[in-house]
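S.K.: Take this structure, written in structure tokens, and hold onto it; I'll ask about it next.
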Amino acid sequence: MTDAPAITDADARRGEAPLLEARRLVKQFGMLVANDRVDLVVRPGEIHALLGENGAGKSTLVKMLYGLLQPDGGSMLWQGAAVTVPEPRAARRLGIGMVFQHFSLFEAMTVAENVALGLDDAPNDTRRLVQRIRDVSAAYGLPLDPGRRVYELSVGERQRIEIVRCLLQKPRLLIMDEPTSVLTPQEVEALFATLRQLAAEGCAILYISHKLEEIRTLCDRATILRGGKVVASCDPKVETARSLAALMVGSEFRTAERRSEGAGRGRLRLEVSGLSMESETTHGVGITDVSFTVAGGEILGIAGVAGNGQGALLAALAGERPGDRADCLRINGTPAGRLGPTRRRALGLGVVPEERNGHGAVAELSLAENVLLTGRARLGLVAHGFLRRRGARAYAERVIAAFDVRCGGPDAAAGSLSGGNLQKFIIGREILQEPDVLVVAQPTWGIDAAAVATVQQALIDLAARGCAVVVISQDLDELLALSDRLAVMHAGRLSPPRSTASLTLDEIGLLMGGAQGHLAMAGAA
């Protein structure tokens, strides 16, 4: 006689009555149908993934569940009863909480003050609220000091504020949007422990992430959206990351192919020596005595939790804030520390900033006009004081074709593109200029699996052609896949770069948390 197969918690939950049902939900914006008769069932105690490419309809769906948008058709049931959710306050009364990808916190205020602002029933007695925060923090392994001001906290601690604020309202369903995008590996593990504890207590979690291995590790079930429609439902634990990506994109999924180990290094393209710069904001982080070199054919990864000086580093490298010494930065051997962005670009520098809209592109301008923003120095788009608009338009068409940018052509406004397509355009705009040095921040943040593969492969191919590439990212999987050497930013200081192959995730996580000392020096390249 053989033993009967064990019944897992996920199996048991499949027999439970749904906590939330969305039935044939429709949401339309003009001619665009963002959600097309979407069905979703979430049961108590399950961790349910919501997957899909950029523009698949995930954000629209959860905004309707949370009352930020109203459906144009269909219905919602909460514990079997039909409900309408006209606003987030009504969602919270039902028992639905949401932790957004971008935090809504006031940096100059304390943890307790920020929590109070987000509560519908904040107690008048501050001491009572402080005690409630302490109790919830202790119960769910989310340590917080209610008296500390937000600007003093790490990104992981700031996320705990958002979660604790939700938990104080005792949600039955917790929606989380890209919750691990700015966390160290250790913080991710701690967050997962909290989510599993909540699920064990019966709270349902609707989890949105582009990190497919996370989905496989954490989630009991997944619903996949494509083009605004539900195309599949599966158990992610029995799928592979590749098969999940194929369900999302609707075809066989191809990942980026890394060039062979030990690819030859060319001449030094970028040399940074003792670079320091104060933060432009009161509570921001500058950089102190940063030094590194990058050769042609090499990709240097720079990891770090958000807010540790990456913004100041990018501004210093791009020339947006020139340094006080010419020799603090050299491009192809030429001192460039005091030069502005255009003159650095003429020496061979390309830059992709973290923020797509407003920094990487002007939303109101056409794609062809956005080419002019960075292509003047190397593409010959200015002659005798006149802009060569026809040349800019032709170049935009090249980028659109080479990077499969889904848009209305070179005359389409940058703001009309989805996030993933705009990112591909900005990356392509820089890469097709064949820079000698490319500095790129968060190259694949928030874009879908297919766009990730396109962008990563383009960076690999550019390095193979002799460019020195610097990738500043909070995505460790990305950095481990792309980089030859890796350094970590913490509190404005950069650890000595080390061979990526010699580092473990635990070591990187410790460096991200501030353990620079002997750990960083061991094996420094």
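S.K.: Against the longest alpha carbon principal axis of the chain, how many degrees, from 0 to 90 and to the nearest 10, is the axis of helix 389-402 turned?
M.R.: 50 degrees
S.K.: Count the DSSP beta bridges whose two residues both fall in the chain, then state the antiparallel fraction as a percent rounded to the nearest 5. If you can, show how the numbers build up before the last one.
M.R.: Details: 39 of 75 bridges.
The antiparallel fraction comes to roughly 50 percent.
S.K.: Something else now. Compute the signed sum of charges (Lys and Arg +1, Asp and Glu -1) over the other residues within less than 12 Å, Cβ to Cβ, of Glu278.
M.R.: Residues close to Glu278 contribute a combined charge of -1.
S.K.: Tell me, what HN-Hα J-couplings in whole Hz come from the Karplus equation 6.51 cos²θ - 1.76 cosθ + 1.60 at θ = phi - 60° for each residue of the stretch 48-65, using x for Gly and Pro?
M.R.: 10, 7, 10, 10, x, 5, 4, x, 6, x, 5, 5, 4, 4, 5, 5, 6, 5
S.K.: Return the Cα extents of the stretch 359-434 along principal axes one, two and three, sorted largest first, each rounded to a whole Å.
M.R.: Over the stretch 359-434, Cα extents along the principal axes are 36, 25, 21 Å.
S.K.: Starting from the Cα gyration tensor of the stretch 390-481, take the square roots of the eigenvalues, sort them a ≥ b ≥ c, and report rounded, prolate or oblate (rounded when a/c is under 1.5, otherwise prolate if a/b is larger than b/c, else oblate).
M.R.: oblate
S.K.: Still on this structure: Arranged from highest to lowest average of other beta-carbon atoms within 10 Å per residue, in what order do the peptides 390-397, 94-101, 417-424 appear?
M.R.: The most tightly packed comes first, giving 417-424, 94-101, 390-397.
S.K.: Within 10 Å, count the other beta carbons around each residue, average over each peptide in 52-60, 83-91, 482-490, and list them highest first.
M.R.: Packing proxy ranking, top to bottom: 482-490, 52-60, 83-91.
S.K.: Quick one: net charge around Ala34, please, counting Lys, Arg +1 and Asp, Glu -1 for every other residue with C-beta under 11 Å from its C-beta.
M.R.: That works out to +2.
S.K.: I need to check one value: relative contact order of the chain, counting alpha carbon pairs closer than 8 Å and at least 6 residues apart, in percent. Present the calculation step by step, with values, prior to reporting the outcome.
M.R.: Numbers: 1076 pairs, mean separation 75.7, N = 525.
For the chain, the relative contact order is 14 percent.
S.K.: Still on this model: Magnitude of the Cβ-charge dipole of the chain, K/R +1 and D/E -1, about the Cα centre, nearest 20 debye?
M.R.: 1180 debye
S.K.: Sticking with this structure for a sec: Can you give the calculated 222 nm mean residue ellipticity of the chain, where each DSSP H run of n ≥ 4 adds -39,500 (n - 2.57) and the sum is split over every residue, rounded to the nearest 500 deg cm²/dmol?
M.R.: -10000 deg cm²/dmol
S.K.: Under a cut-off of 14 Å between alpha-carbon atoms, report the aspartates and glutamates in cross-link reach of Lys27, not counting same-chain residues fewer than 8 places apart.
M.R.: Within the straight-line cut-off, Lys27 pairs with Asp36, Asp39, Asp72.
S.K.: Projecting each Cα onto the charge dipole of the stretch 341-409 (Lys/Arg +1, Asp/Glu -1 at the beta carbon, about the Cα centre), which of Ala396, Pro353, Ala377 comes out farthest on the positive side?
M.R.: Ala377
S.K.: Taking Cα atoms, how many degrees apart are the long axis of helix 185-200 and the longest axis of the chain, rounded to 10 and kept between 0 and 90?
M.R.: Result, in degrees: 20.
S.K.: Something else: Tell me which label goes with the value of Rg and Dmax of the Cα atoms in Å computed from the coordinates here: (i) 22.8, 71; (ii) 24.2, 89; (iii) 29.1, 107.
M.R.: Computing Rg and Dmax of the Cα atoms in Å and matching it to (i) 22.8, 71; (ii) 24.2, 89; (iii) 29.1, 107 gives (ii).
S.K.: So, one more: At 10 °C and 1.306 mPa s, grab the translational diffusion coefficient of the stretch 439-511 from Stokes-Einstein with a Kirkwood Rh over Cα pairs, rounded to a whole number in µm² per second.
M.R.: The Stokes-Einstein estimate is 121 µm²/s.
S.K.: Normalised by the number of residues in the stretch 62-209, what is the relative contact order in percent for Cα pairs under 8 Å and 6+ residues apart?
M.R.: Relative contact order here is 25 percent.
S.K.: For the stretch 473-478, just list the computed ³J(HN,Hα) in residue order, Karplus coefficients 6.51, -1.76 and 1.60, θ = phi - 60°, integers in Hz, with x standing in for Gly and Pro.
M.R.: In residue order, the calculated couplings are 8, 9, 9, 5, 4, 5 Hz.
Here, each number is a calculation from the coordinates, and none is a lab measurement. On a predicted model such as this, the values are computed, not experimentally measured, just so you know. Cβ sites come from the backbone with ideal geometry, for glycine too, and all protein chains shown count toward neighbours.
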